[in-house]
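Step one of this worksheet: look at the structure below.
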Ligand code: TPU
Ligand code: MG
């Protein structure tokens, strides 16, 4: 019989749910726990430069691998990591945050402890975590650990949200019961059959009564494991299919029914018009926010939509809960008749934008020139991660080859997310070509994680857009606070290389220099390549200008007087 400790129990469960790595920053409250995790042969321990980055590395790993774990020390570590955990909540990613915590004897002894507020309250961290996770547990005796750990991980997987587990430093190596079959954590909750039947009937009737229906995919179809079901429904209905920016790539862009990226007035060509023209819209896994509705200018009217959410369908005045989105979409695909009107109409005014071949010039680099060269680099194995700023817009209008993926953190929107997230993603998906577009301001938040890419020899390609400031904010609301200190970004990579390391930092001021840098990046397989692309401060997409203006208008609404 295998003897388990609290720490080895956790390690076994993390390996059983398919993790091969976990992201850590050590501290005296978690060191014994880290020893226990190190002993699990299926789990590699990956250090990060700080806990914010560790949480985003885990977030990126979960995007590639389905789930992730991040292990930190009490308060000084965990409170930083909770930012990335909030991001994982918003973005529907099951990231397990594990924090070491004070010795169980100290609370009763009324001791004051380091890494705390200097009061006798040690429960505040778990209280905070409750608001940012779907399950937050604090282990207080080893006997309870298996049950609490299982509850947290099971809930995270079911709800596709982060969870929090707190383990006191003197319990990590204490013996506890051994784990049972992993299916008790991974078995999905089935849809309620009667509710599923009723929801499908209501949605089928709604679509039958509409002449020109259309489909819109949102990011939660991935969390719901409903991409294939969504495609089945699309093909049964034969309508046009649009995707939100955060669902880009979840429906193939080379599919004959693909009708573009939906982002209100800055949608791809013809997409907004066809959504307006449609008389009904099945929204699958969508999330409508001020950003995705372009300052509330493109929120579809409730009467026109079927709102097919992660576990709940709202249609024709009914709210059907306790359902799985994939079950609903699969079943609905069998109940609909072909209604291709929106696709036929879209084909009339779609003008396929034949992208000109990127012709690198010796002139000053422009945003458009950079866009074309990054576009030309994308292959079926590429994953493009785009950070907040004009990188969002540069990325969302690129054409994804079949198989290429796109990652964006458009709901949480933490600048600098892409650097640690791409580190985690690259570890989780070693066979994919990981490409990042990140602004100078964003990069300054989390730059240290490039050093970990060097350590782990990950050939991530980073396009760092140096436009000397927070251009997205310039477009929303300008002020002196949008200027930032310039760095020698390309030079920074050598600082991180130190005495060893194959990171490469390159400067591109012209189209030709960018083309040469991309060639070099392709040859650098033993570490990251950061290409600093120097463009003018105001050289941004027209879409970001329009979007920024709308969002600023929404932000500026005066308080309603009642
Ligand atoms: O392309 P560009 O110049 O807009 O990108 P860059 O240089 O990365 O600037 C991003 C500017 C920005 C800020 C300062 N975008 N959003 N913010 C607000 C913000 C502040 N702090 C965090 C953690 N996240 C944010 N989104
Ligand atoms: Mg910038």
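Here, each number is a calculation from the coordinates, and none is a lab measurement. These figures come from a predicted structure and were not determined experimentally. Ideal geometry is used to build each Cβ from the backbone, glycine not excepted, and the neighbour counts take in all protein chains shown.
Descriptive notes on the structure:
- Relative to the globular-protein estimate of 2.2 N^0.38 Å, the Cα radius of gyration of region 211-251 stands at 1.09.
- With the simple spin-label model, which puts each label point 7 Å out from Cα in the Cβ direction, the residue 3 to residue 485 separation comes to 5.4 nm.
- Inter-probe distance in nm under a simple model that places probes 7 Å from Cα toward Cβ, at residue 209 and residue 556: 4.2 nm
- Debye equation applied to the C-alpha atoms of region 417-459, log10 I(q)/I(0) at 0.21, 0.22, 0.33, 0.34 Å⁻¹: -0.62, -0.68, -1.26, -1.30
- Cα-based convex hull volume of region 242-300 per residue, rounded to whole Å³: 80 Å³
- Protection proxy ranking of 527-540, 92-105 - average other beta-carbon atoms within 10 Å, highest first: 92-105, 527-540
- Evaluating kT/(6 pi eta Rh) at 20 °C and 1.002 mPa s, with the Kirkwood radius of region 416-561 over Cα pairs in the Stokes-Einstein relation, gives 131 µm² s⁻¹.
- Computed lengthening from residue 45 to residue 187, 0.36 nm per intervening residue step minus Cα-Cα distance: 48.4 nm
- Between residue 265 and residue 542, the simple spin-label model (points 7 angstrom out along Cα→Cβ) gives 1.3 nm.
- When the inverse distances between all different Cα atoms of the chain are averaged and flipped, the Kirkwood radius reads 24.8 angstrom.
- For the peptides 175-184, 39-48, 65-74, 488-497, residues were scored by their other Cβ atoms within 10 Å and the scores averaged per peptide; the highest-first order is 65-74, 488-497, 39-48, 175-184.
- On full extension, the segment bounded by residue 20 and residue 494 gains 167.7 nm, given 0.36 nm per residue less the C-alpha separation.
- Size descriptor, Kirkwood hydrodynamic radius, that averages inverse alpha-carbon separations across region 358-464, Å: 14.0 Å
- For residue 457 and residue 379, a Förster radius of 25 Å and the Cβ-Cβ distance give a FRET efficiency of 0.75, rounded to the nearest 0.05.
- The distance from the alpha carbon centre of region 270-310 to that of region 211-242 is 13 Å, rounded to a whole number.
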